[in-house]
Amino acid sequence: MWPTPAEWQIVGFTLAVCALSTLVILPFGIAVAWPLARYRWPGKLLVETLVTLPLVLPPVATGLLLLKLFSRRSGLGHFLHEYLGIEVVFTWRAVVVAAAVMSFPLLVRSVRIGFQNVNQRLEQVARTLGAGDARVFLTISLPLASRGIIAGILLAFARAVGEFGATIVVAGNIPGRTTTLSLEIFETVQLGHDASAYRLLILSVIIAFGAVWLSELLIKRSALR
Amino acid sequence: MKLEIQRLSLRLQQFSLDIDVNLHSARTGIFGRSGAGKTSLLEVIAGLRRPETARICLNDLLFENTVQKYSLPVRLRKIGYIPQDDLLFPHLSVRRNLLYGVDGKSKHETFPFDHVISFLEIASLLDRDVRSLSRGENQRIVIGRALLSSPRLLLMDEPLTALDAKLKETILRQLRLLHHEFGIPMLYVTHDPLEAMEICEEVLIIEAGRVISRGNPSELLR
């Protein structure tokens, strides 16, 4: 009943790539959510639509777009391969990219709500006390939006753990290299390895439970501060 | 103090705020009913609202000149703004709230921390959680935070609203002494004639966005 070493490896790999993808998109998510929450500017609707796109596009279609974007025949893929020696497609990097792109909209939405809920009068008072924009953002807006940010991190991480469609197209399902929990569950079900599928299912539930529990704990702590 | 507010025009929901006054008193009251435009006037002076037209100068320092499209950034105006709503930073301790406007300034630029704390009698509150403070305690911390930033001018927007009579008397006493103690001029918004008479040397009466009279509070409001 206990998971096999191979299954533990898959769990570890999934957690690592999902944590990495969440970490990578966090600064970008905050940078996009802030102007969306606070300002009116030309092109805002376009940016909102583009950010939401991965949420509504079929994940496989997003995967195909990423495959085109990062293949060696594309400008970006060629540049990464030729000049930086970085291969993305069908490597762990593709798993990170797919998870990042698919979870980005959820992060932005949640962080944006966090910023919208900050009382702007507090920011105004901080300015009257001599604080510049950067200080107001770092010492008032960001900490007061922390609940939204924490919730966004959790949602993005959970979405990344559950990612399947885009990953299988852009990263494939290469044992020991790109196989994630979701891909492995699909694989074991396909092959009729029910015991393994259920073990991985239980591990998925534990990870999801742990993520939600941790987030609730962090949100409570941030509220108590 | 010399505060010049010239050709100020700002469209509000029901009327336009149209003010043209030069103020010289160290403690000036802005008196009027709720919705007369008093808070909007303070917000324009603090730089929190942009008027359609205005030229505002404090002791020859230009704050706003719409003709030149010039507006001094809020952080450089050095205004101690004390709003009527609770606006302590909820995620910071009382001490951190008090020191927010001090950070980055040298000791010579600011009032001594201990002096402000003892004047406002808030030493026992320093280690308290902001959310555990009563309304009166809260308001004294807001005043202390503004004072510690060493402002050029204090803008007080009905700071005693919603306080009980006893607490009001305590803070009123402190506000009366505040100018003598720290030498900072203040604009004091209120709709309570007694408060205006207690604190202010001069009062402007505002109605529907216009100054309808000005003078000695005891004569105008009695």
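The values are calculated or read from the model by the stated rules, or taken from the named source; none is laboratory data. Remember, predicted model here, so these are calculated numbers, not experimental data. Note that we place each Cβ from the backbone using ideal geometry, even for glycine, and neighbour counts take in every protein chain shown.
May I ask you to list the residues in region B:63-87 that are acidic (Asp, Glu) and within 9 Å of chain A (Cβ to nearest Cβ)?
B:85
Would you confirm whether any residue within region A:179-187 is on the phi > 0 side of the Ramachandran plot and not in a helix (DSSP H, G or I)?
no
Does residue A:140 satisfy the criteria of being within 13 Å of chain B (Cβ to nearest Cβ) and crowded, with 20+ Cβ neighbours inside 10 Å?
Yes, satisfied.
Against the condition buried (at least 19 other Cβ atoms within 10 Å of the Cβ), at pLDDT below 90 and more than 30 Å from residue B:102 (Cα to Cα), how does residue A:182 come out, does it pass?
Judged against the criteria, residue A:182 is not a match.
Could you check, for region A:20-39, whether at least one of its residues is surrounded by fewer than 19 Cβ atoms within 10 Å (Cβ to Cβ) and either at pLDDT below 95 or at positive phi (or both)?
Scanning region A:20-39 turns up at least one residue that is surrounded by fewer than 19 Cβ atoms within 10 Å (Cβ to Cβ) and either at pLDDT below 95 or at positive phi (or both).
What number goes with the only condition from (1) outside any helix (DSSP H, G or I); (2) buried (at least 18 other Cβ atoms within 10 Å of the Cβ) that residue A:173 does not pass?
The single condition residue A:173 does not satisfy is (2).
State yes or no: is residue A:222 of a type outside the set (D, E, K, R), in a helix (DSSP H, G or I), at pLDDT below 95 and closer than 17 Å to residue A:9 by Cβ?
Considered against the rule, which asks whether it is of a type outside the set (D, E, K, R), in a helix (DSSP H, G or I), at pLDDT below 95 and closer than 17 Å to residue A:9 by Cβ, residue A:222 comes out as no.
Could you list all residues from region B:10-39 that are within 28 Å of residue B:180 (Cα to Cα), small (Gly, Ala, Ser) and crowded, with 19+ Cβ neighbours inside 10 Å?
Within region B:10-39, B:29, B:32 meet the criteria.
Against the definition (within 9 Å of chain B (Cβ to nearest Cβ), buried (at least 19 other Cβ atoms within 10 Å of the Cβ) and not basic (Lys, Arg)), how does residue A:114 come out, yes or no?
So residue A:114 fails the test.
Does at least one position in region B:54-61 carry a residue that is outside any strand (DSSP E or B) and on the phi > 0 side of the Ramachandran plot?
yes
Could you list, ordered by first residue, the pairs with Cβ atoms under 7 Å in which the first is in region B:22-39 and more than 16 Å from residue B:193 (Cα to Cα) and the second is part of a strand (DSSP E or B), at least 6 apart or interchain?
Here the result reads B:22/B:4; B:23/B:3; B:25/B:202; B:37/B:17; B:37/B:206; B:39/B:157; B:39/B:189, each pair linking region B:22-39 to a residue that is part of a strand (DSSP E or B).
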